[in-house]
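The block underneath contains the structure these notes are about, expressed in structure tokens.
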Amino acid sequence: MAQKDGLTGINNRTHFNTIYNETLTQIIEQKSCISVALFDIDKFKRLNDTYGHLAGDEVIKKVARVTEDHIEQYNGFVCRYGGEEFVAVLPNVHVDDATKIIEELHKKIATSVVEYGGDRIGMNVSIGLTAYPQICDNPYDLLKRADWAMYYAKEHGRGQIKVDGSDVVDVNS
């Protein structure tokens, strides 16, 4: 079975689920910590409508490359979680350090440009970040909480990072 996403070359969601669950088991056994960031490309539909789907694919590939290159420096791993949605996992990284790492990633993405068909296309992302055990006491809720934090960032202006906290709630409730 394929482990890499066909468009981006980074981990696909199926392979991610395997390595993520293995990593969670290790973190729990070692009584360590883990930080998880979930993010997606802001206003991606408008980007596709303006420049076309092939340009959108190039933006997705650029975000994937920038993210993987950055997160792997910290012994983390990434995946394409959905269409224009990504997950970055930082095992054994406390939320304070993860916040700095994700801030650096956010800046790298926001300053990246894709050149396509004579156009220079900028991009930005909204990121939700959470961590076990510093913020989230159930490691199996990390993805859900990161998702909630990402939606909080989107609802409060986009192009930003929201660290999970008491003000982040289930957007479906």
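The values are calculated or read from the model by the stated rules, or taken from the named source; none is laboratory data. Every value quoted in this text rests on a predicted model; they were computed, and no experiment measured them. Positions of Cβ are backbone-derived with ideal geometry, glycine not excepted, and every protein chain shown enters the neighbour counts. Calculation scope for accessible area: heavy atoms of the full protein, side chains included, ligands and nucleic acids excluded. Shrake-Rupley method; radii C 1.70, N 1.55, O 1.52, S 1.80 Å.
At a glance:
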{"item": "Any hit, the range 34-41, residues being open to solvent by 10 Å² or more (accessible area, probe 1.4 Å) and assigned to a strand (DSSP E or B)", "result": "yes"}
{"item": "Answer residue from the range 111-122, given it is surrounded by 14 or more Cβ atoms within 10 Å (Cβ to Cβ) and out of contact with any strand residue (DSSP E or B) (no Cβ under 6 Å at 6 or more places or on another chain) and is farthest from Thr67 (Cα to Cα) among those", "result": "Tyr116"}
{"item": "Strands (runs of 3 or more DSSP E) within the range 83-173 that include 3 or more residues touching a residue at least 60 places away in the same chain (Cβ under 8 Å) and touching a helix residue (DSSP H, G or I) at 6+ places or on another chain (Cβ under 7 Å)", "result": "85-91, 125-132"}
{"item": "Test for Arg13: is it over 27 Å from Gly157 (Cα atoms), surrounded by fewer than 21 Cβ atoms within 10 Å (Cβ to Cβ) and basic (Lys, Arg)", "result": "yes"}
{"item": "Positions within the range 67-113 being among the hydroxyl-bearing types (Ser, Thr, Tyr) and closer than 19 Å to Asp147 by Cα, in sequence order", "result": "Thr67, Tyr81, Thr99"}
{"item": "Filter result for Thr67 (open to solvent by less than 50 Å² (accessible area, probe 1.4 Å), within 19 Å of Asn124 (Cα to Cα) and either in contact with a Leu (Cβ under 7 Å, 6 or more places away or on another chain) or not in a loop (DSSP other than H, G, I, E, B) (or both))", "result": "yes"}
